[in-house]
Amino acid sequence: MRAKITATGSYLPEKVLTNFDLEKVMDTSDEWIRTRTGIRERHIAADNEATSDMVAKAIQNLCERHNISPEEFDMIIVATDTPDTAYPSTACWVQKHLKLKNKVPAFDMEAGCTGWLYGLEVSAGLIESGRAKKILLAGAETMSKAVNWDDRATAVLFGDGAGATLIELTEDDSGILSTYIGANGTLAHLLYQPAGGSRMPASEKTVKESLHSVYMAGNEVFRYAVRYMQMSAEKALERAGLRAEDVSIFIPHQANQRIIDATCKRVGVPLSKTYITIDRIANISAGTIPISLDLAIQEDRVKKGDIVLMDAFGGGFTWGAAVVRW
Ligand code: UT7
């Protein structure tokens, strides 16, 4: 008896910001962004749109497509680094937006870009132990409100959006075959938001110095990303008793096309089996994998019986992978 992803949904904000739009407001070029990262455009949340609003829309999308009522969920987990508020959790705001009366537990999962995979590990454990039956696991970010728009090295990399997945028990041979997660907090200083927490509370100085936005040592993060994504994919495949050749579709975290290329090469999965979204949605951190999975399903790239490998890396550092038989 295994846990399984039984339904997906997603939401991308209406506004699209292209590299050419960015050329007009900062010292950058479409050529630099495309060749260094693979990104062409990203979706940007409206001024009045927060992470929970996008999660609620992704859940509505999932429910409509799969004929499910949100009242059926017995737990709501939202993986995010860009919550609506420091507290309560984005998951609680989602309950409020959806006017849910079922009073089920709701909490956030913070594990950088690996957040949704951390959530999958936790959800699978709760489902397989019988403690929950229908977990709504979302991954979502409003990165456009977390970056410093004066820092061209990070501002161009991210996008906004939400992905929703439903985790339930299955009795057939499909489902989550393996998960693997890890972290190395000694590297926390390479990718983080310096101010706004108990270490450096908000002050006039922190606002002036833009310390409430993403700080990233890009080059160093890049090197670790490839290493940890390779390791995660290999461990998850090993735990599932499978090899790279068995993978039908690879859905990696999408931080940089060059990271994806290098990971594919090292793991031994061809690019032709790799589902790419970075060109159109950029890096949506914890939202990337659930959104990409949903887009791949909508494009009929995931079929019954397929072996799906998902793999991520992010701030913390955190990393993880999962192997699923669809
Ligand atoms: O999601 C989880 C974690 N995130 C990642 O995994 C991201 C990992 N890192 C990366 O993807 C890459 O390191 C970046 C895309 C962030 C940067 O690419 P890079 O090839 O490492 O460039 P760089 O930082 O070495 O910068 C090269 C040059 C610099 O100019 P100089 O010093 O050589 O004159 C930068 O100032 O490119 C310049 N640059 C830009 N130029 C035009 C940096 N950002 C931009 C920009 N437009 N947006």
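Readers should treat all values here as calculations from the given coordinates under stated rules, not as data from a laboratory. Nothing here was measured: the structure is a model prediction, and the numbers come from that model. Reconstructed Cβ throughout: ideal geometry from the backbone, glycine too, with neighbour counts over all protein chains shown.
Close amide-amide hydrogen proximity is noted between residue 38 and 257, each under 5 Å apart and 5 or more residues distant or on a separate chain (H modeled in the peptide plane; Pro and chain starts excluded). Helix screen, the chain: DSSP H segments with Cα axial length of 18 Å or more and mean Kyte-Doolittle hydropathy at least 0.5 are 115-128. For residue 208, the lysines whose Cα comes closer than 27 Å to its Cα, not counting residues fewer than 8 places off in the same chain, are 24, 145. Histogrammed with a bin width of 10 Å, the alpha carbon distances of region 176-325 distribute as 11, 38, 30, 14, 6, 1 percent, first bin at zero.
Other residues with beta-carbon under 10 Å from the beta-carbon of residue 175 carry, at +1 per Lys or Arg and -1 per Asp or Glu, a net charge of -2.
For region 1-19 versus region 290-326, the inter-centroid distance based on Cα atoms is 11 Å.
Coupling constants for region 306-312 follow from the phi torsions by the Karplus curve (6.51 cos²θ - 1.76 cosθ + 1.60, θ = phi - 60°), and in residue order they are 4, 9, 9, 9, 10, 8, 8 Hz; glycine and proline get x. Among beta bridges identified by DSSP and lying wholly in region 2-171, the antiparallel ones come to about 70 percent. For the chain, the relative contact order comes to 26 percent (Cα pairs under 8 Å, sequence separation of at least 6). In this calculation the C-beta distance from residue 110 to residue 20 is compared with R0 = 45 Å, giving a FRET efficiency of 0.85. Would you kindly give the portion of the calculated P(r) for the chain that falls above 39 Å, as a percent of all Cα pairs? So the pairs more than 39 Å apart make up 8 percent of the total in the chain.
Can you list, bin by bin at 5 Å, the percent of alpha carbon pairs in region 48-155, starting at 0? Distribution as computed: 2, 13, 22, 23, 20, 11, 5, 3, 2, 0 percent. Shape analysis of region 149-262 yields a ratio of the Cα radius of gyration to the Kirkwood radius, Rg/Rh, of 1.06.
Looking at the chain, the DSSP beta bridges with both ends there are about 70 percent antiparallel.
Distance between the C-alpha centers of region 154-208 and region 98-131? Whole Å please. A separation of 14 Å, based on Cα centres.
Summing charges over neighbours of residue 89, with a neighbour being any other residue whose Cβ is under 12 Å away from its Cβ, gives -2 when K and R count +1 and D and E count -1.
Every helix of 4 or more DSSP H residues in the chain counts as -39500 (n - 2.57), and over all residues that averages to -10000 deg cm²/dmol at 222 nm. Per-residue 3J(HN,Hα) values for region 169-186, derived from phi via the Karplus relation 6.51 cos²θ - 1.76 cosθ + 1.60 with θ = phi - 60°, read 8, 10, 10, 8, 8, 8, x, 7, 7, 7, 9, 8, 9, x, 8, 9, x, 5 Hz in sequence order (x marks Gly and Pro). Distance between the 7 Å Cα→Cβ label points at residue 149 and residue 298: 2.6 nm. For residue 211, enumerate residues with amide H under 5 Å from its amide H, sequence gap 5+ or separate chain, H modeled in the peptide plane. Residues meeting the criterion, in which the H sits 1.01 Å from N, do not exist here.
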